[in-house]
1. Condition first: at negative phi, of a type in the set (S, T, N, Q) and without any contact (Cβ under 8 Å) to a residue 40 or more places away in the chain. Can you find one or more residues in region A:209-228 that meet it?
2. Tell me which of these A:A114 doesn't satisfy, since it passes every other one: (1) touching a residue at least 60 places away in the same chain (Cβ under 8 Å); (2) open to solvent by 80 Å² or more (accessible area, probe 1.4 Å).
3. Counting just the residues of region A:145-156 that are part of a helix (DSSP H, G or I) and buried (at least 17 other Cβ atoms within 10 Å of the Cβ), which one comes out farthest from the other protein chains (Cβ to nearest Cβ)?
4. So how many residues does region A:209-227 have that are open to solvent by less than 90 Å² (accessible area, probe 1.4 Å), under 24 Å from the mean Cα position of the chain (by Cα) and among the hydrophobic types (A, V, I, L, M, F, W, C)?
5. Given the conditions (1) more than 24 Å from the chain's Cα centre (by Cα); (2) open to solvent by less than 50 Å² (accessible area, probe 1.4 Å), which single one is not true for A:L64?
6. Here is a list: B:P111, B:P99. Which entry is closer than 23 Å to A:Q155 by Cβ, out of contact with any Pro (no Cβ under 6 Å at 6 or more places or on another chain) and at pLDDT 95 or above?
7. Of all the strands (runs of 3 or more DSSP E) wholly in region B:17-130, which have at least 3 residues that are more than 9 Å from chain A (Cβ to nearest Cβ), open to solvent by 10 Å² or more (accessible area, probe 1.4 Å) and not polar (S, T, N, Q)?
8. Exactly one of these conditions fails for A:H168: (1) more than 14 Å from chain B (Cβ to nearest Cβ); (2) under 20 Å from the mean Cα position of the chain (by Cα); (3) open to solvent by 10 Å² or more (accessible area, probe 1.4 Å). Give me its number.
Amino acid sequence: MSKFQELFIPVTLSLLEGLGVTFKIFTLTLLFALPLGLIISFGSMSKWAPFKFLNGLHKNGNKLIAIISNFKPISFLIRILVWVIRGTPLMLQLILFGLGPGLIGIKGMNTFVAVMIAFVLNYACYFSEIFRGGIEAVPRGQYEACQVLGMTRTQTFFKVVLLQVVKHIIPPMGNEFITLVKDTALANTIMIYEITWNAKRFMASKHVLWPLFYSGIFYLLFCGILTVIFRQFEKKLSYFD
Amino acid sequence: MSILNVTNLSKHFGKLQVLKDINFSMEEGQVVSIIGSSGSGKTTLLRCINMLENANGGKIYLDGKLFIDADSSVKYTPGQLRTKQLSLGLVFQDFNLFPQYNVLENVTLAPRLLAKERSDYKTRKKEILYEIEENAKSILASVGLSEKLESYPCQLSGGQKQRVSIARALALKPRILFFDEPTSALDPELTGEILKVIRQLAAEHITMIIVTHEIDFAYSVSDKVIFMDKGVIAEEGTPDEVLKNPKNPRTQAFLQKLS
């Protein structure tokens, strides 16, 4: 029996085990990052300006007062957060959350929890920008129609705006979901035993490269299923525009 | 007693004064048309009365009661605003139908949400929803859309969309129904069907204020015509007075340009 035949079953089983972990990271990330992303997008669109009362004072053209009175702290802080998270590698964030607590003396932090924090935060920031785009794409007339029909802001959002936002964001969301499937591979750098870690394990112990390429098929199938689901979803919402 | 009384209403966007000291009133069952060139402030006037814009000064009375007080700095709570808004109806130039709901759902959505606040909603839910649906169907029938209840907005012509939007506003039984250039987004051959519906509503003595460019229509349907120019009411009176024998040179110039 050749080495390949000998290893095929154990490799497959091991990769399937890794797939379970990959799937877990994927679903947990979505579960937390989608609602968090929505909250972050609301934050980035927040119009709260606590110094607005200074507005009357800059009639003489004082630019500094104009800037302060228009300062929106929530929106500003959220934009900084999104900038930092999107502006640095996810790998770096994984290492920061995975190893950072130990460095400053916090012991016993679960590595998986650390990975989840990094993934959720990272993806929530990307999602927030997609949500923002989707929400801003809903014409102002929709809000005005709701307003003159006496609907509350909550009713307006959930009964009228939300489904239109969902329709707008399906294509970019499909992209993000697929990217996430492959980004889970980064977790192997801090000892999370997902697909890629399991494939690399054979590289080290049995000196074979093919399990790594074989693992690509698992990602490919995963993404293929997602693509089909997204296409169905898109079709389902194609009855309106 | 006037159903609507607008006094000293003013509005500015930054330094641009869009409405200056607007005063007018109307009686229940009347149809008032507002004409004027674009930028004259007529749409802003409508939006201020419907609270889509905050006026900067003046008072509006509805049924003799203070409705909007733009002179006071007191802000209305969202709840108060909603109650006020429900007594008025507005038909937009570009329809603003809800694309994900079919024709019937577009008309019943707001009444259904409103019904949830009724004290007898839990015990009489079925009956209430049935009443709302029947009411919506009969309004849609009156604007000639009985065949289209299940259609989605994207499957309708512009004229049909605008009729749905009229039905949607009517379903809440507003004290006054406002139209913001209801035919301006329509192909010329479709304006007729909208004007016919408005004429029909006028015959039912629904109180209406219509911002329009259709002078002939304004002449035949209105009890009163207001001509606005540069943020002020330049002339107002019966259709004959304003449209056939205008006294103000600006009204004369405006009408001349159109004919």
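1. Within region A:209-228, not a single residue is at negative phi, of a type in the set (S, T, N, Q) and without any contact (Cβ under 8 Å) to a residue 40 or more places away in the chain.
2. Looking at each condition in turn, A:A114 falls short on (2).
3. A:T156
4. 5
5. (2)
6. After ruling out the rest, the residue left standing is B:P111.
7. On the way: elements: B:31-35, B:57-62, B:65-69, B:88-91.
Per the criteria, B:57-62, B:65-69.
8. Among (1) more than 14 Å from chain B (Cβ to nearest Cβ); (2) under 20 Å from the mean Cα position of the chain (by Cα); (3) open to solvent by 10 Å² or more (accessible area, probe 1.4 Å), the lone unmet condition for A:H168 is (1).
The values are calculated or read from the model by the stated rules, or taken from the named source; none is laboratory data. Since this is a predicted model, take the numbers as computed values, not measurements. FYI the Cβ positions are ideal-geometry reconstructions off the backbone, even for glycines, and counts take in every protein chain you see. To get the accessible areas, we keep the full protein, side chains included, count just its heavy atoms, and leave off ligands, DNA and RNA. Shrake-Rupley method; radii C 1.70, N 1.55, O 1.52, S 1.80 Å.
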